[in-house]
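> One structure follows; several queries about it will come next.
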Amino acid sequence: MPTPDKQLSAEQSRQIADTIREELARRRISRQSLAELAKLSLSTLEKVLGGRRPFTLATTVRLEQALGVSLRKTPEAPASVAAVNGEVAPDGLGAYSRRAVAWIEGTYVTVRPSFGDKDAIFAYRTEITWDTAASSLVFHESERQDAAFTQFGEVAVPNQSRHIYLVTNRHGQHRLITVAHLAISGEMYGIITTLLAGRGSLLTPIAAPIAYIPIKMVANPTFGRISSDDPNYTLYRQHLRRTTDESFALFLPG
(Lines give C-alpha, C1' and ligand atoms only; values in the text may rest on other atoms or scores of the structure.)
Protein backbone atom coordinates (compact mmCIF):
# COMPACT_ATOMS: atom_id res chain seq x y z
CA MET A 1 0.00 0.00 0.00
CA PRO A 2 1.28 3.54 -0.70
CA THR A 3 2.54 5.48 2.29
CA PRO A 4 0.07 8.25 3.24
CA ASP A 5 1.37 11.78 2.74
CA LYS A 6 2.59 13.28 6.01
CA GLN A 7 0.58 16.21 7.31
CA LEU A 8 2.47 19.07 8.95
CA SER A 9 1.49 20.51 12.28
CA ALA A 10 -0.82 23.49 12.63
CA GLU A 11 2.10 25.71 13.66
CA GLN A 12 4.26 24.54 10.75
CA SER A 13 1.36 25.11 8.34
CA ARG A 14 0.78 28.63 9.69
CA GLN A 15 4.47 29.51 9.37
CA ILE A 16 4.67 28.14 5.81
CA ALA A 17 1.50 30.00 4.78
CA ASP A 18 2.92 33.26 6.16
CA THR A 19 6.18 32.74 4.25
CA ILE A 20 4.38 32.00 0.98
CA ARG A 21 2.17 35.08 1.30
CA GLU A 22 5.27 37.22 1.90
CA GLU A 23 6.98 35.73 -1.18
CA LEU A 24 3.91 36.34 -3.33
CA ALA A 25 3.70 39.96 -2.21
CA ARG A 26 7.43 40.60 -2.58
CA ARG A 27 7.64 39.09 -6.07
CA ARG A 28 4.24 40.41 -7.16
CA ILE A 29 3.08 37.08 -8.56
CA SER A 30 -0.44 35.73 -8.29
CA ARG A 31 -1.61 32.64 -6.47
CA GLN A 32 -2.74 31.24 -9.81
CA SER A 33 0.81 31.59 -11.20
CA LEU A 34 2.29 29.89 -8.14
CA ALA A 35 -0.24 27.06 -8.33
CA GLU A 36 0.70 26.46 -11.98
CA LEU A 37 4.44 26.50 -11.20
CA ALA A 38 3.97 24.03 -8.34
CA LYS A 39 1.54 21.89 -10.38
CA LEU A 40 -1.17 22.27 -7.75
CA SER A 41 -4.81 23.20 -8.15
CA LEU A 42 -5.66 26.77 -7.19
CA SER A 43 -8.30 25.36 -4.84
CA THR A 44 -5.68 23.35 -2.92
CA LEU A 45 -3.39 26.37 -2.65
CA GLU A 46 -6.21 28.62 -1.44
CA LYS A 47 -7.24 26.11 1.23
CA VAL A 48 -3.75 25.64 2.71
CA LEU A 49 -3.00 29.37 2.63
CA GLY A 50 -6.34 30.08 4.29
CA GLY A 51 -5.76 27.52 7.05
CA ARG A 52 -8.69 25.36 5.95
CA ARG A 53 -6.39 22.42 5.28
CA PRO A 54 -2.96 21.56 6.75
CA PHE A 55 0.07 21.50 4.49
CA THR A 56 1.34 18.06 3.55
CA LEU A 57 4.99 17.23 2.97
CA ALA A 58 4.41 16.62 -0.76
CA THR A 59 2.60 19.94 -1.23
CA THR A 60 5.30 21.80 0.69
CA VAL A 61 8.09 20.26 -1.40
CA ARG A 62 6.32 21.26 -4.63
CA LEU A 63 5.94 24.83 -3.40
CA GLU A 64 9.58 24.97 -2.30
CA GLN A 65 10.68 23.87 -5.77
CA ALA A 66 8.42 26.41 -7.44
CA LEU A 67 9.55 29.31 -5.24
CA GLY A 68 13.18 28.25 -4.97
CA VAL A 69 13.19 28.77 -1.20
CA SER A 70 13.02 26.55 1.86
CA LEU A 71 9.65 26.83 3.61
CA ARG A 72 10.39 24.49 6.50
CA LYS A 73 12.40 25.74 9.43
CA THR A 74 15.10 23.36 10.60
CA PRO A 75 16.66 23.23 14.07
CA GLU A 76 19.81 25.25 14.50
CA ALA A 77 22.90 23.09 14.02
CA PRO A 78 25.96 23.46 16.28
CA ALA A 79 28.36 26.11 14.96
CA SER A 80 31.05 23.57 14.14
CA VAL A 81 28.64 21.50 12.04
CA ALA A 82 27.20 24.54 10.26
CA ALA A 83 30.64 25.80 9.37
CA VAL A 84 31.59 22.48 7.78
CA ASN A 85 28.32 21.37 6.16
CA GLY A 86 26.06 24.41 6.01
CA GLU A 87 28.35 27.02 4.46
CA VAL A 88 29.87 25.16 1.53
CA ALA A 89 27.95 24.87 -1.73
CA PRO A 90 27.52 21.53 -3.55
CA ASP A 91 30.26 20.55 -5.96
CA GLY A 92 27.90 21.04 -8.89
CA LEU A 93 27.70 24.76 -8.06
CA GLY A 94 31.44 25.22 -7.54
CA ALA A 95 31.96 24.02 -3.93
CA TYR A 96 32.39 27.61 -2.77
CA SER A 97 32.21 28.69 0.86
CA ARG A 98 29.81 31.37 2.00
CA ARG A 99 32.65 33.61 3.10
CA ALA A 100 34.27 33.35 -0.34
CA VAL A 101 31.17 34.64 -2.16
CA ALA A 102 29.79 37.12 0.37
CA TRP A 103 30.74 39.98 -1.96
CA ILE A 104 28.18 38.76 -4.52
CA GLU A 105 25.24 38.96 -2.11
CA GLY A 106 23.03 42.00 -2.52
CA THR A 107 20.26 43.65 -4.49
CA TYR A 108 20.78 44.60 -8.13
CA VAL A 109 18.96 46.55 -10.80
CA THR A 110 18.98 44.14 -13.73
CA VAL A 111 18.81 45.50 -17.28
CA ARG A 112 18.63 43.84 -20.69
CA PRO A 113 17.20 44.84 -24.08
CA SER A 114 13.43 44.70 -24.29
CA PHE A 115 12.36 41.74 -26.40
CA GLY A 116 9.21 43.54 -27.49
CA ASP A 117 10.59 47.02 -28.31
CA LYS A 118 14.03 47.32 -29.92
CA ASP A 119 14.53 50.85 -28.58
CA ALA A 120 13.52 50.12 -24.98
CA ILE A 121 15.27 48.51 -22.02
CA PHE A 122 13.70 45.96 -19.69
CA ALA A 123 14.59 46.50 -16.01
CA TYR A 124 13.80 44.56 -12.85
CA ARG A 125 15.19 43.79 -9.40
CA THR A 126 17.35 40.76 -8.55
CA GLU A 127 18.34 39.70 -5.04
CA ILE A 128 21.21 37.30 -4.47
CA THR A 129 21.29 35.81 -0.98
CA TRP A 130 22.67 32.82 0.89
CA ASP A 131 20.13 30.04 1.40
CA THR A 132 21.09 28.06 4.49
CA ALA A 133 18.86 25.11 3.65
CA ALA A 134 20.31 24.79 0.12
CA SER A 135 23.82 25.69 1.33
CA SER A 136 24.38 27.95 -1.67
CA LEU A 137 23.68 31.34 -3.13
CA VAL A 138 20.23 31.71 -4.69
CA PHE A 139 18.68 34.50 -6.72
CA HIS A 140 15.14 35.87 -6.87
CA GLU A 141 13.74 38.36 -9.36
CA SER A 142 10.98 40.86 -8.62
CA GLU A 143 9.51 44.12 -9.93
CA ARG A 144 9.07 42.45 -13.31
CA GLN A 145 6.43 43.90 -15.59
CA ASP A 146 5.81 40.35 -16.85
CA ALA A 147 5.39 38.87 -13.37
CA ALA A 148 4.39 35.46 -14.70
CA PHE A 149 7.92 35.02 -16.08
CA THR A 150 9.70 35.90 -12.81
CA GLN A 151 12.79 33.70 -12.40
CA PHE A 152 14.56 32.28 -9.36
CA GLY A 153 17.19 29.60 -8.93
CA GLU A 154 20.73 28.68 -7.97
CA VAL A 155 24.00 30.56 -8.35
CA ALA A 156 27.12 28.68 -9.46
CA VAL A 157 30.58 30.17 -8.93
CA PRO A 158 33.18 27.73 -10.25
CA ASN A 159 36.77 28.64 -9.48
CA GLN A 160 38.02 27.60 -12.93
CA SER A 161 36.20 30.18 -15.08
CA ARG A 162 35.76 32.87 -12.41
CA HIS A 163 32.38 33.67 -13.93
CA ILE A 164 29.04 33.59 -12.15
CA TYR A 165 26.13 31.52 -13.44
CA LEU A 166 22.50 32.22 -12.47
CA VAL A 167 20.63 29.05 -13.33
CA THR A 168 16.90 28.48 -13.54
CA ASN A 169 15.79 24.85 -13.92
CA ARG A 170 12.05 24.30 -13.77
CA HIS A 171 10.98 20.78 -14.71
CA GLY A 172 13.93 20.48 -17.09
CA GLN A 173 13.42 23.86 -18.75
CA HIS A 174 16.54 25.96 -18.31
CA ARG A 175 17.46 29.62 -18.42
CA LEU A 176 21.13 30.54 -18.01
CA ILE A 177 22.80 33.86 -17.27
CA THR A 178 26.61 34.02 -17.41
CA VAL A 179 28.27 37.16 -16.02
CA ALA A 180 31.64 38.54 -15.00
CA HIS A 181 31.82 40.50 -11.73
CA LEU A 182 33.76 43.72 -11.18
CA ALA A 183 35.29 43.16 -7.75
CA ILE A 184 35.65 46.80 -6.74
CA SER A 185 32.47 48.50 -7.96
CA GLY A 186 30.23 45.41 -7.93
CA GLU A 187 28.56 45.47 -11.36
CA MET A 188 28.13 42.25 -13.33
CA TYR A 189 28.02 42.01 -17.13
CA GLY A 190 27.33 39.10 -19.44
CA ILE A 191 24.80 37.12 -21.49
CA ILE A 192 21.28 35.85 -20.86
CA THR A 193 20.06 32.83 -22.82
CA THR A 194 16.37 32.11 -22.50
CA LEU A 195 13.18 31.52 -24.49
CA LEU A 196 11.15 34.23 -26.17
CA ALA A 197 7.41 33.68 -25.80
CA GLY A 198 5.54 34.20 -29.07
CA ARG A 199 1.99 33.59 -30.14
CA GLY A 200 0.23 30.67 -28.52
CA SER A 201 2.74 28.06 -27.39
CA LEU A 202 5.55 29.25 -29.69
CA LEU A 203 8.89 29.59 -27.86
CA THR A 204 12.07 30.75 -29.58
CA PRO A 205 15.61 30.57 -28.13
CA ILE A 206 17.06 34.05 -27.65
CA ALA A 207 20.30 35.54 -26.27
CA ALA A 208 21.02 39.11 -25.25
CA PRO A 209 23.45 41.21 -23.21
CA ILE A 210 22.56 41.72 -19.55
CA ALA A 211 23.90 43.92 -16.75
CA TYR A 212 23.48 43.81 -12.96
CA ILE A 213 23.92 47.19 -11.29
CA PRO A 214 24.17 47.33 -7.47
CA ILE A 215 21.02 49.14 -6.43
CA LYS A 216 23.03 51.62 -4.35
CA MET A 217 24.46 52.97 -7.63
CA VAL A 218 21.00 54.05 -8.85
CA ALA A 219 19.52 56.94 -6.87
CA ASN A 220 15.89 56.34 -7.86
CA PRO A 221 15.63 53.03 -9.72
CA THR A 222 12.77 52.50 -12.16
CA PHE A 223 11.53 49.12 -13.34
CA GLY A 224 9.56 47.69 -16.22
CA ARG A 225 9.92 48.66 -19.90
CA ILE A 226 12.18 51.73 -19.86
CA SER A 227 11.80 54.10 -22.81
CA SER A 228 14.03 57.02 -23.79
CA ASP A 229 12.00 59.50 -21.74
CA ASP A 230 12.69 57.66 -18.46
CA PRO A 231 15.21 59.47 -16.19
CA ASN A 232 17.28 56.27 -15.87
CA TYR A 233 17.31 55.37 -19.56
CA THR A 234 20.75 56.87 -20.30
CA LEU A 235 22.33 55.27 -17.22
CA TYR A 236 20.83 51.86 -17.97
CA ARG A 237 21.88 52.09 -21.63
CA GLN A 238 25.47 52.95 -20.64
CA HIS A 239 25.71 49.88 -18.43
CA LEU A 240 24.15 47.65 -21.06
CA ARG A 241 26.60 48.86 -23.71
CA ARG A 242 29.56 48.08 -21.47
CA THR A 243 28.69 44.41 -21.85
CA THR A 244 29.71 44.41 -25.50
CA ASP A 245 31.91 47.54 -25.70
CA GLU A 246 34.31 46.11 -23.10
CA SER A 247 33.98 42.51 -24.37
CA PHE A 248 32.35 41.05 -21.29
CA ALA A 249 30.29 39.15 -23.87
CA LEU A 250 30.71 38.49 -27.59
CA PHE A 251 27.97 37.99 -30.16
CA LEU A 252 29.31 36.46 -33.39
CA PRO A 253 27.68 37.21 -36.76
CA GLY A 254 25.80 34.34 -38.38
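The values are calculated or read from the model by the stated rules, or taken from the named source; none is laboratory data. Just so we're clear, the structure is a prediction, and the values are computed from it rather than from any experiment. Glycine gets a Cβ as well: all are built from the backbone with ideal geometry, and neighbour counts include every protein chain shown. Please note that ligands, DNA and RNA were not included when accessible areas were found on the heavy atoms of the full protein model with its side chains. Shrake-Rupley method; radii C 1.70, N 1.55, O 1.52, S 1.80 Å.
> Before we move on, is residue 204 within 18 Å of residue 115 (Cβ to Cβ) and more than 19 Å from the chain's Cα centre (by Cα)? Even if it seems obvious, please write down each step before you answer.
Values: within 18 Å of residue 115 (Cβ to Cβ): yes; more than 19 Å from the chain's Cα centre (by Cα): yes.
It is true that residue 204 is within 18 Å of residue 115 (Cβ to Cβ) and more than 19 Å from the chain's Cα centre (by Cα).
> The conditions are (1) crowded, with 17+ Cβ neighbours inside 10 Å; (2) touching a helix residue (DSSP H, G or I) at 6+ places or on another chain (Cβ under 8 Å); (3) within 29 Å of residue 232 (Cβ to Cβ), and residue 122 fails exactly one of them. Which is it?
It is condition (2) that residue 122 fails.
> Tell me, which strands (runs of 3 or more DSSP E) lie completely within segment 146-254 with 1 or more residues that are buried (at least 17 other Cβ atoms within 10 Å of the Cβ), modelled with pLDDT of 95 or more and touching a Lys or Arg at 6+ places or on another chain (Cβ under 7 Å)?
Values: elements: 152-156, 164-170, 173-181, 188-197, 203-214, 224-226.
Because the criterion is at least 1 residues that are buried (at least 17 other Cβ atoms within 10 Å of the Cβ), modelled with pLDDT of 95 or more and touching a Lys or Arg at 6+ places or on another chain (Cβ under 7 Å), the strands (runs of 3 or more DSSP E) in segment 146-254 that meet it are 188-197, 203-214.
> Also: When you go through 29, 16 one by one, which is the residue that is aliphatic (A, V, I, L, M) and in a helix (DSSP H, G or I)?
Values: 29 fails: in a helix (DSSP H, G or I).
The conditions single out 16.
> For segment 179-216, name all the residues that are of a type in the set (Phe, Trp, Tyr) and within 21 Å of residue 169 (Cα to Cα). Explain how you work it out, then say what you get.
Within segment 179-216, the first condition is being of a type in the set (Phe, Trp, Tyr), and the residues that meet it are 189, 212.
Matches in segment 179-216: 212 only.
> Where the second residue is open to solvent by less than 10 Å² (accessible area, probe 1.4 Å) and part of a strand (DSSP E or B) and the first is among the basic types (Lys, Arg) and lies in segment 137-155, which pairs have Cβ atoms under 6 Å and are six or more apart or on separate chains?
Going by the 6 Å Cβ cut-off, the qualifying pairs are 144/124.
> Which pairs have Cβ atoms under 6 Å, sit 6 or more apart or on different chains, and link a residue in segment 17-40 that is modelled with pLDDT of 85 or more to one that is open to solvent by less than 60 Å² (accessible area, probe 1.4 Å) and outside any helix (DSSP H, G or I)?
Listed pairs, sorted by first residue: 19/71.
> Just checking, how many residues over segment 158-178 are farther than 26 Å from residue 64 by Cα and in contact with a strand residue (DSSP E or B) (Cβ under 9 Å, 6 or more places away or on another chain)? If you could, list the steps in order and put the result at the bottom.
Going residue by residue through segment 158-178, those that are farther than 26 Å from residue 64 by Cα are 159-163.
Filter again for in contact with a strand residue (DSSP E or B) (Cβ under 9 Å, 6 or more places away or on another chain), leaving 161-163.
Going through segment 158-178 one residue at a time, the tally reaches 3.
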